[in-house]
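S.K.: The structure under discussion is supplied below as structure tokens; questions concerning it will follow.
The values are calculated or read from the model by the stated rules, or taken from the named source; none is laboratory data. Values in this document were obtained by computation on a predicted structure and should not be read as measured data. Cβ: placed from backbone, ideal geometry, glycine included. Neighbour counts: every protein chain shown.
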Amino acid sequence: MKILHSNIHAFWLWATLSLVAALPTLAQPVTIDGGAPEQLHSTEVDYIGAASSKEWQPFTGQLQTDDDTFWVRQTLNLEWGPAGPTNNPLALTFQVTGLYHVYWDGTLLGSNAYLGDKATEFSRVMVPIELAHSGNHELYVRLHARGLKAGSRATIGVFTTDLAADFFGIHFTVVFVFLLTVTCYLASAYFATVSRQGNLQNLCRMAALTTFIAGSLVFLDRARFLTPYPYTWQASVDVIMASLTIGFVVAIAGYCALRLELKRPLLWTTASIATIFAGLLPLGSMDEDTRILVFLGLYILFMAVVSWRAEVSVAKWVVGAVVLALLALGIQPDEKTLFLGILTVLFGAELALDIRRRHMQAQQLALLSARLRGDLLRQNIKPHFLMNSLTALMEWIETNPPEAVKFVEGLAREFRLLTDFSDKQQVTLREELDLCQVHLDLMSQRLGSTLKLVCIDLDLDTLVPPAVFHTLVENAFSHNDYRNGSFEFSFSQETIGDSQCFTLVVPEAGAPAARQGSGLGSDYVRNRLKEFCGNAFRFSTEKIGSNWVSKIELGKS
């Protein structure tokens, strides 16, 4: 268990660091705005020729021939925030499906113009500090759409990367990707470990899968901006990214369905695939990935509302996490890792806290169970019970030895059953009622009465906490005088939803000579019920007419 505690602390450390690291992305001190890009189809001209050509057309990305080569230009307006460009280098991250050279105000900044395995889709070029002044700049890109056919579309994406947030010489993006990815993988390992124990196995397995996929998505989505990889890998990377995206949508929906305790979780999980198809529809100006995440967030919110109406407490946490993730996505739609990170970290933190709480409760219940075993024996070996039983036994030994033998056998059987029960946390209803009947037979003999237990609509295989109903039956003798008469005890069972309801009706019969109950019986009943199903129980005793009616409702823990 010490290992589990250390894992929880490690998870919290990484979660906190990753969320803190994510905050600077909300306040970039540099912005670049530009007009509509233009393109020039040509395989012959150099930068000078492209800059002077008058044959520029609106940029469509449409290839005219196989492996087309063309130029793209755009006017960019660079504005620095309060921090200024004094020591803040600027980088442009290019996402180009092809090979390119990039020029900034006529200066060649860099290229990925390598053939074969050295070619990359994503790369970063640095803008020298002396060229990164505020104002308008001309950006030219010579693109060779290697491997694409006529009629295909070539894409160019330019992203500003301010390096002001260096951390010991390492760029912020590296730190963020590292922290969030490691957080997800640590959480996945932790949930996979704890899934082998406790009563949250399926939930923890789904959490392990979800956090692993989230970590992989963050790594592949962001690390490719940082580390060159062979251009020939791109088709495989695209397939992997699409598969992981589908997997994340389904996995996190499945996790939420289990965590929110929704009925038919498999159906809720499968229905999440519809959010992917909805995101592929051309709605609004958002890109497909953003639309998919928005629809996913709305779907989880709908699940949480359904669960909230069913009074599942964790639904409020889920609503808060999703609203925060959607807010981050709305502020920075290009930073989709924020959406993944917020959902994964907050969901994981909530589950880790719940596991820790359950572990502490399990320890407390273990101590309670040990105490209850002693209470069961002590409360059923009461001085007045022993004294009265021994007094009756002494009289039978002198006057009716066979009756004495029968009483001793009954007394031994009851104590033997109580001893067996003391080592158990649950017994079948059949075993419990056998113990009740033994006690009634014993008291019938001692009091000279006829005491019957009438059972109505029982499922004798139902599991119940040990000696609870026996304690209620025994309490009846502490508050009533059942000597020399015929009395009927009634016991019934009813299923209401997910709960089992038991009703014990005992007749009122005068009053004992002196009150012999101390309230310990009711305390024992409540503690046993809490040990059995947490707080998912109800226990009440009231007088109705000439009977005392005790009701116990057992729900799911």
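S.K.: Whether any residue in the stretch 447-465 is assigned by TED's automatic domain parsing to the domain that holds residue 525, within 40 Å of the chain's Cα centre (by Cα) and assigned to a helix (DSSP H, G or I) is what I want to check. So that I can check it myself, show each step before the final result.
M.R.: Restricting attention to the stretch 447-465, the residues satisfying the condition of being assigned by TED's automatic domain parsing to the domain that holds residue 525 are 447-465.
After this cut, where a residue has to be within 40 Å of the chain's Cα centre (by Cα) as well, the list is 457-465.
If we keep only those that are assigned to a helix (DSSP H, G or I) too, we end up with none.
Checking the stretch 447-465: not a single residue is assigned by TED's automatic domain parsing to the domain that holds residue 525, within 40 Å of the chain's Cα centre (by Cα) and assigned to a helix (DSSP H, G or I).
S.K.: Another question about this same structure. Mind listing whichever residues of the stretch 126-165 are surrounded by fewer than 17 Cβ atoms within 10 Å (Cβ to Cβ), part of a strand (DSSP E or B) and modelled with pLDDT under 80?
M.R.: Result: 126, 153, 157, 159, 160.
S.K.: Next question. Suppose we filter 355, 342 for residues that are closer than 19 Å to residue 296 by Cβ and assigned by TED's automatic domain parsing to the domain that holds residue 194; which single one remains?
M.R.: 342
Matching residues to (1) at pLDDT 90 or above; (2) closer than 30 Å to residue 533 by Cα; (3) not in a helix (DSSP H, G or I):
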| residue | (1), (2), (3) |
| --- | --- |
| 187 | no, yes, no |
| 193 | no, yes, no |
| 210 | yes, yes, no |
| 221 | no, no, no |
| 242 | no, no, no |
| 251 | yes, yes, no |
| 254 | yes, yes, no |
| 257 | yes, yes, no |
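S.K.: Within the set of pairs 6+ apart or on separate chains, which have a first residue in the stretch 272-288 that is without any contact (Cβ under 8 Å) to a residue 60 or more places away in the chain, a second that is assigned to a loop (DSSP other than H, G, I, E, B) and not hydroxyl-bearing (Ser, Thr, Tyr), and C-beta atoms under 7 Å apart?
M.R.: Note: pairs meeting the criteria are 286/333.
S.K.: Could you tell me how many of the residues in the stretch 426-438 are touching a Leu at 6+ places or on another chain (Cβ under 9 Å) and either within 18 Å of residue 554 (Cα to Cα) or small (Gly, Ala, Ser) (or both)? Break it down stepwise before answering.
M.R.: Looking only at the stretch 426-438, we keep the residues that are touching a Leu at 6+ places or on another chain (Cβ under 9 Å), and these are 426-431, 433-438.
Filter again for either within 18 Å of residue 554 (Cα to Cα) or small (Gly, Ala, Ser) (or both), leaving 426-431, 433.
Residues meeting the conditions: 7.
S.K.: Say we look at the stretch 498-557 and pick out the residues that are surrounded by 15 or more Cβ atoms within 10 Å (Cβ to Cβ), within 22 Å of residue 360 (Cα to Cα) and small (Gly, Ala, Ser); which of these is modelled with the highest pLDDT?
M.R.: That would be 536.
S.K.: Quick one: in the stretch 396-414, which of the residues that are loosely packed, with under 14 Cβ neighbours inside 10 Å and at pLDDT below 80 is nearest to the chain's Cα centre (by Cα)?
M.R.: Applying the filter and picking the extreme gives 400.
S.K.: Return yes when residue 81 is surrounded by fewer than 19 Cβ atoms within 10 Å (Cβ to Cβ), at pLDDT 60 or above, of a type outside the set (Val, Ile, Thr) and outside the structural domain of residue 236 (by TED's automatic domain parsing) and no when it is not.
M.R.: Taking the combined requirement at face value, the residue satisfies it.
S.K.: Right, here's the next one. Considering the stretch 300-321 alone, what residues qualify as being in contact with a Cys (Cβ under 9 Å, 6 or more places away or on another chain) and within 17 Å of residue 275 (Cβ to Cβ)?
M.R.: So in the stretch 300-321, the residues in contact with a Cys (Cβ under 9 Å, 6 or more places away or on another chain) come out as 300, 303-304, 307, 318.
Once the filter is applied, which keeps residues that are in contact with a Cys (Cβ under 9 Å, 6 or more places away or on another chain) and within 17 Å of residue 275 (Cβ to Cβ), the stretch 300-321 yields 300, 303, 304, 318.
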